[in-house]
Amino acid sequence: FAPGGNITLQSGGSGDVRDGRLYIASGATFTASGTQSHGIGGGLFVGSGATFTAANSTFSFTATTTGKSILSSVPITFYDVVFNGSGGSWSFDSTTSATTTVSHGLTFTAGTLSGGGDLVVQTGSLSGSGTVAMTGGTVRLEGTGSIGNNTGWQFYDLVLGNGASGTMTKTGTGTTTIAHSLTIAATYTLNAGS
């Protein structure tokens, strides 16, 4: 499926995991193009052997209910991702070999990110008005930016940097808790704030 324009999947508000979900079945292909803008009112499922191509598109997750997931059996890469559903909750539950990568920008204005999958943000920040409650997996922030807000956040493994120079600055008054390990890569700097 190669959409010829923007897609909006609206949520019916049921809270069911399938409500408003973009489902890419095993062996299927989803190919975005250019700078399309796709709104997903639920979660995302990418089956084994599926192909997900985001191009330079923006994917906005807008659910306002809990119980949504981003579940993939293969590595997937977004260009821009926005989480902006007030009251929404998304669980990263991809398999251990299926890292979710955001190559350009992650905007986190509302909702909760949880789960045990691996997430890589290659540029910018992980900040905003939402809540992070990752109970497993590794979150890697590779660019220069900020992390946190006034709500306490939880990570299992948090990695800052990828060998290139950069700085991550803690913002807000919320306590950031790392349950397992914090790694600051060579030539990278963490400004922990006050």
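The values are calculated or read from the model by the stated rules, or taken from the named source; none is laboratory data. What you are looking at is a predicted structure, and each value in this text was computed from that prediction instead of being measured. We place every Cβ from the backbone using ideal geometry, glycine too, and count neighbours over all the protein chains shown. Each accessible area value is taken on the protein alone, full model and side chains, heavy atoms only, with ligands, DNA and RNA left out. Shrake-Rupley method; radii C 1.70, N 1.55, O 1.52, S 1.80 Å.
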Of everything in region 23-32, what is open to solvent by 30 Å² or more (accessible area, probe 1.4 Å) and of a type in the set (A, V, I, L, M, F, W, C)? Give them in sequence order.
A25, A28
Tell me, yes or no, whether region 76-93 has at least one residue that is part of a loop (DSSP other than H, G, I, E, B) and either open to solvent by less than 40 Å² (accessible area, probe 1.4 Å) or in contact (Cβ under 8 Å) with a residue 40 or more places away in the chain (or both).
no
Spot the failing condition for I7; the list is (1) closer than 18 Å to L113 by Cα; (2) crowded, with 16+ Cβ neighbours inside 10 Å, and only one is missed.
(1)
Top-ranked residue in region 38-58 [being among the hydroxyl-bearing types (S, T, Y) and part of a strand (DSSP E or B); ranked as farthest from Q10 (Cα to Cα)]
T51
Which of the residues that make up region 134-154 are among the β-branched types (V, I, T), assigned to a loop (DSSP other than H, G, I, E, B) and closer than 11 Å to V121 by Cα?
T144
Out of region 92-126, which residues are more than 14 Å from Y79 (Cα to Cα) and of a type outside the set (S, T, Y)?
F92, D93, A98, F108, A110, G111, L113, G115, G116, G117, D118, L126
Does region 90-100 contain any residue that is at pLDDT below 95, over 28 Å from T65 (Cβ atoms) and among the hydroxyl-bearing types (S, T, Y)?
yes
Only one of (1) touching a Leu at 6+ places or on another chain (Cβ under 8 Å); (2) open to solvent by less than 30 Å² (accessible area, probe 1.4 Å) fails for A110. Which number is that?
(1)
Scan T35, T53, T58 and give me the residue that is among the hydroxyl-bearing types (S, T, Y), open to solvent by less than 40 Å² (accessible area, probe 1.4 Å) and in contact (Cβ under 8 Å) with a residue 12 or more places away in the chain.
T58
Looking at (1) open to solvent by less than 50 Å² (accessible area, probe 1.4 Å); (2) within 20 Å of the chain's Cα centre (by Cα); (3) at pLDDT 95 or above, find the lone condition where G143 falls short.
(3)
Restricting attention to region 127-147, the residues that are of a type in the set (D, E, K, R) and in contact (Cβ under 8 Å) with a residue 40 or more places away in the chain number exactly 0
Based on this model, can you work out whether G163 counts as under 22 Å from T77 (Cα atoms) and open to solvent by less than 70 Å² (accessible area, probe 1.4 Å)?
yes
Quick one: is T123 within 25 Å of T189 (Cα to Cα), in contact with a Pro (Cβ under 7 Å, 6 or more places away or on another chain) and β-branched (V, I, T)?
no
